[in-house]
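**Q** Below are the structure tokens for one structure; questions will follow.
The values are calculated or read from the model by the stated rules, or taken from the named source; none is laboratory data. Worth saying up front: this structure is predicted, and the values here are computed from it rather than measured. Glycine gets a Cβ as well: all are built from the backbone with ideal geometry, and neighbour counts include every protein chain shown. Only protein heavy atoms, including side chains, enter the accessible area calculation; ligands, DNA and RNA are left aside. Shrake-Rupley method; radii C 1.70, N 1.55, O 1.52, S 1.80 Å.
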Amino acid sequence: EPLARSRHLATAEAALYAGRTAWLHHRDTPLTGEGVGLSEDGRLGAAWTEADSTLRLVDLEAGALLHRWEGVPDSSPLAVGARAVVAASSQGLTLWRVEGGAVSLSEEDWRQVVLSPDGSVVAAVGLAPVVPLWDGRTGEPLGELVGHGDVVESVAFSTDGRTLATVADDYTVRTWSL
């Protein structure tokens, strides 16, 4: 199981950019767009396409479209969960929910967005030494993780979603219990 999972995620990390279009291929289900994301378990994918301004949530294993949002502004990067996709765009950070529509989380610029494995928490990295958190179901702010002395560069959830790890430009790595 761990080997299969790591191989699966390695395939996801191989989403390549050809010009501005990213592609991801899992089994017989290609997923293309200008912004592509994958769920933590590698079973779901999302893609934003500039040509028709749509965001699609796809079950990569079944090859089935789960949801399609139209009129979505430029969106990347993507954090993917079973019930929502979180997208950063020139208009800020938006939680696109399968049930309940879109919720604006922030109007700031974000470099990385992650969703906890169960979809309950959204974390984002911008140009600050803090990491804001939002409820992954409602979009309500949950607070900020404060403690780095410089800009946070990266953030990742543990597989159980109980711990968040952050890396900053001050050469520190911190872990946070949620």
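**Q** Output the residue which, of all residues in the range 42-60 that are in a loop (DSSP other than H, G, I, E, B) and not acidic (Asp, Glu), is nearest to Trp96 (Cα to Cα). Steps first, answer last, please.
**A** Filtering the range 42-60 down to residues in a loop (DSSP other than H, G, I, E, B) leaves 42-43, 50-53, 60.
Checking the rest, the ones that are also not acidic (Asp, Glu) come to 42-43, 51, 53, 60.
Values: Gly42: 19, Arg43: 18, Ala51: 19, Ser53: 14, Leu60: 19 Å.
Per the stated criteria, the residue is Ser53.
**Q** Scan the strands (runs of 3 or more DSSP E) fully inside the range 99-178 and keep the ones with 1 or more residues being closer than 14 Å to Ala84 by Cβ.
**A** Numbers: elements: 101-106, 112-115, 121-125, 130-135, 141-146, 152-157, 163-168, 173-177.
So the answer is 101-106, 112-115, 121-125, 130-135.
**Q** Now for a different question. Residues to consider are Ala128, Ala64, Ala82; find the one that is under 21 Å from Gly33 (Cβ atoms), of a type in the set (A, V, I, L, M) and out of contact with any Lys or Arg (no Cβ under 9 Å at 6 or more places or on another chain). Give the steps one after another, and end with the answer.
**A** Details: Ala128 fails: under 21 Å from Gly33 (Cβ atoms); Ala82 fails: out of contact with any Lys or Arg (no Cβ under 9 Å at 6 or more places or on another chain).
Being under 21 Å from Gly33 (Cβ atoms), of a type in the set (A, V, I, L, M) and out of contact with any Lys or Arg (no Cβ under 9 Å at 6 or more places or on another chain) holds for just one of Ala128, Ala64, Ala82, which is Ala64.
Residue by residue, here is whether (1) in a strand (DSSP E or B); (2) open to solvent by 40 Å² or more (accessible area, probe 1.4 Å); (3) more than 14 Å from Ala124 (Cβ to Cβ) holds:
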| residue | (1), (2), (3) |
| --- | --- |
| Ala62 | no, yes, yes |
| Trp69 | yes, no, yes |
| Pro73 | no, no, yes |
| Ala82 | no, yes, yes |
| Ala88 | yes, no, no |
| Thr94 | yes, no, no |
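**Q** Looking at the range 163-178, which of its residues are of a type in the set (S, T, N, Q) and open to solvent by less than 90 Å² (accessible area, probe 1.4 Å)? Let's see the steps before the verdict.
**A** Residues of the range 163-178 that are of a type in the set (S, T, N, Q), as a first pass: 163, 166, 172, 175, 177.
Within the range 163-178, Thr163, Thr166, Thr172 qualify.
**Q** With the structure loaded, tell me whether Ser158 is in contact with a Lys or Arg (Cβ under 7 Å, 6 or more places away or on another chain) and open to solvent by 20 Å² or more (accessible area, probe 1.4 Å) or whether it fails that test.
**A** Values: in contact with a Lys or Arg (Cβ under 7 Å, 6 or more places away or on another chain): no; open to solvent by 20 Å² or more (accessible area, probe 1.4 Å): yes.
No; evaluated as a whole, the condition is false for this residue.
**Q** Which of the residues belonging to the range 99-126 are of a type in the set (Phe, Trp, Tyr) and touching a Ser or Thr at 6+ places or on another chain (Cβ under 7 Å)? Explain how you work it out, then say what you get.
**A** The initial filter retains those residues of the range 99-126 that are of a type in the set (Phe, Trp, Tyr), namely 110.
Those that are of a type in the set (Phe, Trp, Tyr) and touching a Ser or Thr at 6+ places or on another chain (Cβ under 7 Å): none in the range 99-126.
**Q** Would you mention how many residues in the range 51-60 are more than 23 Å from Asp135 (Cβ to Cβ), surrounded by 14 or more Cβ atoms within 10 Å (Cβ to Cβ) and of a type outside the set (Val, Ile, Thr)? Can you show your working first?
**A** Residues of the range 51-60 that are more than 23 Å from Asp135 (Cβ to Cβ), as a first pass: 51-54, 56, 58-60.
So of that shortlist, the ones also surrounded by 14 or more Cβ atoms within 10 Å (Cβ to Cβ) come out as 53-54, 56, 58-60.
Filter once more, keeping what is of a type outside the set (Val, Ile, Thr): 53, 56, 59-60.
So the answer is 4.
**Q** Being hydrophobic (A, V, I, L, M, F, W, C) and modelled with pLDDT of 90 or more narrows it down to one residue among Ala165, Ala82; which is it?
**A** Details: Ala82 fails: modelled with pLDDT of 90 or more.
Just a single option satisfies the conditions, and that option is Ala165.
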